[in-house]
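Some notes on the structure that comes next.
The values are calculated or read from the model by the stated rules, or taken from the named source; none is laboratory data. Keep in mind that what you see is a predicted model, and the values were worked out from it rather than measured. Neighbour counts run over all protein chains shown; Cβ positions are idealised from the backbone, glycine included. The accessibility values were calculated without ligands, DNA or RNA, using every heavy atom of the protein model including side chains. Shrake-Rupley method; radii C 1.70, N 1.55, O 1.52, S 1.80 Å.
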Amino acid sequence: MAQVEATTERVVAANAEKVFDALADYSGTREKLLPEQFSEYEVREGGDGEGTLVHWRLQATSKRVRDCLLEVTEPSDGELVEKDRNSSMVTTWRVTPAGEGRSRVTVTTTWKGAGGIGGFFERTFAPKGLARIYDAVLARLAAEVEK
């Protein structure tokens, strides 16, 4: 099984602290940022960054649905890590300053992919599909923090 990785980034016109706070606000802002591929959103513990436990279903394709139960940590300043209790999937959000009143947001998701021919197709197509989903999240984030 090979590691699969999908990365997306965007520069938004808001300072890093404001952007990070919006991403870490699982009990408020975060749900608003999720496109239609996400459903059954529920904060089960916490709700603000470190210590949050959040559930959602992610429909990456018409046939591929992941039931995600994510533990949130903040291993360093400007970084949120969401580890799925139900799979090997880990999503890391990094927010860094990108000039006056601007921030760069990078989201990277990794997981252990399947082997064989199925794994080949997963490594080839899944990162592109997931990147499109997270690009939509980042567009909504920009719209939210640039108000």
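What the table shows:
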item: Exclusive hit being of a type outside the set (Asp, Glu), at pLDDT 95 or above, open to solvent by 40 Å² or more (accessible area, probe 1.4 Å) and within 13 Å of the chain's Cα centre (by Cα), set ARG57, ARG44; result: ARG57
item: Scan of the stretch 60-74 for residues that are hydrophobic (A, V, I, L, M, F, W, C) and open to solvent by 40 Å² or more (accessible area, probe 1.4 Å), ordered by number; result: ALA60, VAL65
item: Residue count for the stretch 26-47, restricted to those that are in contact with a strand residue (DSSP E or B) (Cβ under 6 Å, 6 or more places away or on another chain), without any contact (Cβ under 8 Å) to a residue 40 or more places away in the chain and not basic (Lys, Arg); result: 9
item: Qualifying residues in the stretch 95-147 (those that are out of contact with any helix residue (DSSP H, G or I) (no Cβ under 6 Å at 6 or more places or on another chain), part of a loop (DSSP other than H, G, I, E, B) and at pLDDT below 85) - the one surrounded by the fewest Cβ atoms within 10 Å (Cβ to Cβ); result: LYS147
item: Top-ranked residue of the stretch 1-31 - restricted to ones that are over 14 Å from ARG102 (Cα atoms) and open to solvent by 50 Å² or more (accessible area, probe 1.4 Å), ranked as farthest from the chain's Cα centre (by Cα); result: MET1
